[in-house]
Amino acid sequence: MPEALDRMTRFSPTHPPPGEMPRIKTGRIATLLHRNETLRGYLLMSPTLAIMTIGIIIPFIILLVLSFWTRQGFEFDTTLTLTNYRRVASEPIFGALLARSLWISGVATITTVALCYPMAYFVAFHVRRNKMMWLILITLPFWTSYLLRVFAWKVILGYEGVINSALISLGWIEAPLEFLLYSREAVIITLAHAWAAFAILPLYVSLEKIDKSLLEAATDLGDGPVARFFRVTLPLSMPGVIAACFLIFIPTTGDYITPALLGGPDGMMIGNFIQVQFGPVNNWPMGATLSIVLMLWICAIALVFLFVTRKAQERIA
Amino acid sequence: MTGSSAFISVRSVSKAFGRFLAIDNVSMDIAQGEFFSLLGASGCGKTTLLRMLAGFESTTRGEIFIDGQPMSPVPPHHRPVNMVFQNYAIFPHLNVRDNIAYGLRKQRLPRARRHEMVEEMLELIKLPGFGTRKANELSGGQRQRIALARALILRPKVLLLDEPLGALDKQLREQMQLELRALQRKVGITFVFVTHDQEEALTLSDRIAVMQGGQVLQVDTPAGLYESPNSRSVASFIGNMNFFRGTVRRNGAANAIIETEGLGAIPVPDSRFARPDGAAVQVALRPEKFAISPTKPDAVHAVQGRLANSAYLGERSHFYITIEGRGEPIAVSAPNHNRFVANAGSHAEDTPLWLSWSSDAIVVLDPE
């Protein structure tokens, strides 16, 4: 009897036979979105895209145009010219400043990544429980403002700071060490500390992703811990290393707070110079030119860096 | 197998993880060139034992000897064993050639010789011309073969395989089983193979160790395990089995008789077991050891029953038959020899039929 009932409902007049099913209604926009994957992608991106256009691309264009202007007294001469670029290329002060900036942030980047790698490695491979807590603890310095951290280092490295007074009271030195503060080293130490979290997080993510059985496989195939690190762990964490390097190198090259507070005359960087151009000197076109030149240098270095790491990765295998 | 001829010798080995005893006093010997399987359900300790052979886990107690050498002081990268991992662990940043040549670096061979060896391996695993493929361009079966080649190129004394066929689909798995067996015969390396698939273990192995709860229940050849299991656990883990309660009756005669529930008296030669009069035993009979017929067969041991259920499986049919004196129906698996079996699906419930068996098909076990 239930079977008969079932058969009846299946062929009841309210259910049209399969051939005459009502058409499924879809809106035109829905259809378009369903068919066009690119469009869907753009739609998803649109808020970001809008912010990027307004916040980055338009200012960048303004900066670019500005860099081809020149300053005439208190006015800007809006005729487009390469004068500023010629000055940057010919006057040695710009080159020296740029080279020093790239050097300082390059050393700071390498120092930071080298110091953070073991920490990230430890959390990824040796911490079993509460990994999140470890990561939060590591990024704890980031909970205070950048400026405060820089001042903290000033207190530590200063003429009568923590290190100097400690060393004097221990009797290891007679007079305070002067190179600690207002030097390139001071800038490098401060930058390395201030940007540590930017290195640890990408390094941790890339190390955490490494399949543990790959490490066992390398051991099984005869690699000791050192060989295994250079042949498997490091190459597989390379995306994290590259990301960490970029995340630190790019912002630190243009940084002006740390060099201004801790750098002294020797530690002055291009960022300070650009800030001065836009500020007291009131030579916006020159500041814009320097910003563009700095950007081009960073791009060039980034490309070379990417190329070299890729080659090295192929070689190491 | 005597201790002296053993190539791998596991001596009273235990492994504790905290308070959990993963391996409980296991001893076994594996001969050189043998295809040896560790078989058991997940969590039985088989993978732990394999990882102890590889050196990834230390032994809490006992010692493992390979080629006469105690292994506990030897770190994994110095052991004369190589492993094929369950997920194959192919290095994603290297191509096929560099994956296979990975372990050769230590031998400091000239580049040309290394290439030559890799090409030989690719030939052996039937993937010639795959050297420059990226790891992510490989199918599951190809990855499995490359993991195999990567280990075999080092000519290890022992190859450890951790469920290497588990991730493959049925057809590919059966093909790889045959290839693996052929390869093992060709290279002559001792294989220790971990699997939870009893059919796979039976197909591939020279000998099998059945494991449960960290202990080894029985070590025997596939036929030995199947035909004369030493316990109910082994009997029911490998294939299907019908168990009957029985009692030994000795009337001074040479052969004992086992009074078996539902099946009556079955004579058993003394050579098969030695138990006193009145001892309780279990009689075990595989489903395919029964013959089934609609009429009374011309056999010494036969019993009449009624059909409870049946299923047609193509080459064979399964019947569930209730007999008097036993609550649980007997499982019978019959090859598709005749019309009666072929029509398995169409026999009505309670159809009377006859079961027969030969007395040497029975296995006598201690009661649980």
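The values are calculated or read from the model by the stated rules, or taken from the named source; none is laboratory data. Quick caveat: nothing in here was measured; it's all calculated off a predicted structure. Positions of Cβ are generated from backbone atoms using ideal geometry, with glycine treated the same way; all protein chains shown enter the neighbour counts. Each accessible area value is taken on the protein alone, full model and side chains, heavy atoms only, with ligands, DNA and RNA left out. Shrake-Rupley method; radii C 1.70, N 1.55, O 1.52, S 1.80 Å.
Miscellaneous remarks
- Residues in region B:49-59 that are hydrophobic (A, V, I, L, M, F, W, C) and away from chain A (no Cβ under 14 Å): B:Leu49 alone.
- Qualifying residue in region A:234-254 (condition: in a loop (DSSP other than H, G, I, E, B) and away from chain B (no Cβ under 14 Å)): yes
- Qualifying residues in region A:255-307 (those that are touching a strand residue (DSSP E or B) at 6+ places or on another chain (Cβ under 8 Å) and part of a loop (DSSP other than H, G, I, E, B)) - the one most open to solvent (accessible area, probe 1.4 Å): A:Asn282
- In this entry, B:Phe56 is excluded by the filter for residues that are closer than 19 Å to B:Gly188 by Cβ and either open to solvent by less than 40 Å² (accessible area, probe 1.4 Å) or not in a strand (DSSP E or B) (or both).
- Residue in region B:102-110 that is surrounded by 18 or more Cβ atoms within 10 Å (Cβ to Cβ) and without any contact (Cβ under 8 Å) to a residue 12 or more places away in the chain present: no
- Note on region B:60-80: residues that are buried (at least 18 other Cβ atoms within 10 Å of the Cβ) and more than 8 Å from chain A (Cβ to nearest Cβ) total 4.
Condition check ((1) surrounded by fewer than 19 Cβ atoms within 10 Å (Cβ to Cβ); (2) outside any loop (DSSP other than H, G, I, E, B); (3) more than 14 Å from chain A (Cβ to nearest Cβ)) across all residues:
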residue	(1), (2), (3)
B:Pro92	yes, no, no
B:Met121	no, yes, no
B:Ala147	no, yes, no
B:Ala151	no, yes, no
B:Leu160	no, yes, no
B:Leu172	yes, yes, yes
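- Meets criteria (part of a helix (DSSP H, G or I) and of a type outside the set (A, V, I, L, M, F, W, C)) for B:Arg11: no
- The condition of being surrounded by fewer than 14 Cβ atoms within 10 Å (Cβ to Cβ) and more than 10 Å from chain A (Cβ to nearest Cβ) does not hold for B:Gly45.
- Scanning region B:123-144 for residues that are open to solvent by less than 10 Å² (accessible area, probe 1.4 Å) and within 14 Å of another protein chain (Cβ to nearest Cβ) turns up B:Gly131, B:Ala135, B:Gln144.
- Selection within region B:94-103 - at the interface with another protein chain (Cβ under 9 Å from one of its Cβ atoms) and not acidic (Asp, Glu): B:Leu94, B:Asn95, B:Tyr102, B:Gly103
- Restricted to region A:126-229, the set of helices (runs of 4 or more DSSP H) holding at least 3 residues that are within 14 Å of chain B (Cβ to nearest Cβ) and either surrounded by 14 or more Cβ atoms within 10 Å (Cβ to Cβ) or not hydroxyl-bearing (Ser, Thr, Tyr) (or both) comprises A:212-220, A:225-228.
- Looking at A:Pro265, A:Pro280, A:Pro285, just one residue is at pLDDT below 90 and more than 24 Å from A:Ala194 (Cβ to Cβ), and that residue is A:Pro280.
Here's the yes/no breakdown for (1) among the polar types (S, T, N, Q); (2) modelled with pLDDT of 85 or more; (3) assigned to a loop (DSSP other than H, G, I, E, B):
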residue	(1), (2), (3)
B:Pro276	no, no, yes
B:Val281	no, yes, no
B:Glu288	no, yes, no
B:Pro297	no, yes, yes
B:Arg306	no, yes, no
B:Ser310	yes, yes, no
B:Gly314	no, yes, yes
B:Phe319	no, yes, no
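- Scanning region B:81-90 for residues that are assigned to a loop (DSSP other than H, G, I, E, B), open to solvent by less than 30 Å² (accessible area, probe 1.4 Å) and more than 7 Å from chain A (Cβ to nearest Cβ) turns up B:Tyr88, B:Ile90.
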